[in-house]
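The values are calculated or read from the model by the stated rules, or taken from the named source; none is laboratory data. Note that this is a predicted model, so its numbers are computed, not measured. Ideal geometry is used to build each Cβ from the backbone, glycine not excepted, and the neighbour counts take in all protein chains shown. SASA here: full protein model, heavy atoms, side chains in, ligands and nucleic acids out. Shrake-Rupley method; radii C 1.70, N 1.55, O 1.52, S 1.80 Å.
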Amino acid sequence: MQTGQPAKMRQLKLALRAAFPRTVPVMVGYLFWGLPLEFCWKVKGMALDGLP
Amino acid sequence: MSIFIYAGSMQFVAVDLLATGAGFLQVILMTLMVNIRHVFYGISMLGKFRNLGAKKPYMIFSLTDETFSLLCTAEPPKNVDRNWFFFFIALFNQLYWIVGSVVGGLLGSSFSFNTQGIDFAMTALFVVIFVNQWREAKSHVPALVGLVCSLVCLLLFGADNFILPALIGMVVLLSVFRGRLDRPEEGAAT
């Protein structure tokens, strides 16, 4: 029972480490995502800078 | 917005819908039309999502174009739990999405510049994913079927209307030739 939890945590860490490199191209692409959306909001007068 | 609406094209459409005060039914129909390609994504993920347990609803919610592309070919290393591996791919992608939206929102509100061509970032992203899949795939036939269907439908229906017919074409062709595609070794041996 004591070893169950660390074993599960180890599995999670392994899955996390294996998954991350696969997602790097997506990370780079998504970092450019917010800018056009913000400009789209700006055109409609609902951008973040309109908030108090 | 990016936390609750996890669909890029729909977020751009939502700007117009909110600005014009569109009705609930109109929003539902528009969302269905814009994202109907996800029906095809969902069908092809039925097998992979079968034993996901409590993670299944989140995996269905987080199935975007990019996540779908990765889940199609990504195979976990031997000692890694398959379900958690898929879950973290989807989770990482959604986190990038939210962070990208926040960072872009903050940067975009603090300065302005000519954004012409910035949409190419997403095209470049798909090219990178495609190249990775091409290098890892044992058979290039499905990729070639996808390319040919897309090009033919692009020529026939134009840039604004080609995705849905192309997806239907791919599903039909891959279903018809499924028997051969499932036995590449046998085909190569004979």
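Annotations for the structure displayed:
- Once both labels are positioned 7 Å from their Cα atoms along Cα-to-Cβ, the gap between B:Ser44 and B:Ile163 label points is 1.4 nm.
- Taking label positions 7 Å along the Cα-Cβ direction at both B:Leu106 and A:Val28, the computed distance is 2.3 nm, reported to one decimal.
- Crossing angle, helix B:141-157 versus chain B [Cα axis fit, 0-90 degrees, rounded to tens]: 50
- Net charge of Cβ neighbours under 12 Å - reference B:Phe130; Lys, Arg +1; Asp, Glu -1: -2
- Placing +1 on the Cβ of every Lys and Arg and -1 on the Cβ of every Asp and Glu, with nothing else charged, gives chain B a dipole about its Cα centre of roughly 560 debye.
- Most positive-pole-ward Cα, B:Ser62, B:Asn93, B:Ile43, against dipole of the stretch B:40-94 from beta carbon charges: B:Ile43
- Neighbours of B:Ala7, meaning other residues whose beta-carbon lies under 12 angstrom from its beta-carbon, give a summed charge of -1 when Lys and Arg score +1 and Asp and Glu score -1.
- Cross-link table B:Lys55/B:Lys138; A:Lys13/B:Lys55; A:Lys8/B:Lys78; A:Lys8/B:Lys138, entries beyond 23 Å C-alpha to C-alpha: B:Lys55/B:Lys138; A:Lys8/B:Lys138
- Other protein chain C-beta atoms within 10 Å of residue C-beta, averaged over B:7-13: 2.
- Note on B:Phe24 and B:Asn79: their simple-model spin labels are 5.3 nm apart, each label 7 Å out from Cα toward Cβ.
- Selected from B:Lys78, B:Lys48, B:Lys56 as most flexible by GNM, with chain B as the system and alpha-carbon contacts under 10 Å: B:Lys78
- With contacts taken as Cα pairs under 8 Å and at least 6 residues apart, chain B reaches a relative contact order of 18 percent.
- Summed over both chains, the area buried between A and B is near 3600 Å², taken from the accessible surface of protein heavy atoms with a 1.4 Å probe.
- Inter-chain neighbour count for B:19-26: the average number of beta-carbon atoms from partner chains within 10 Å of each residue's beta-carbon is 1.
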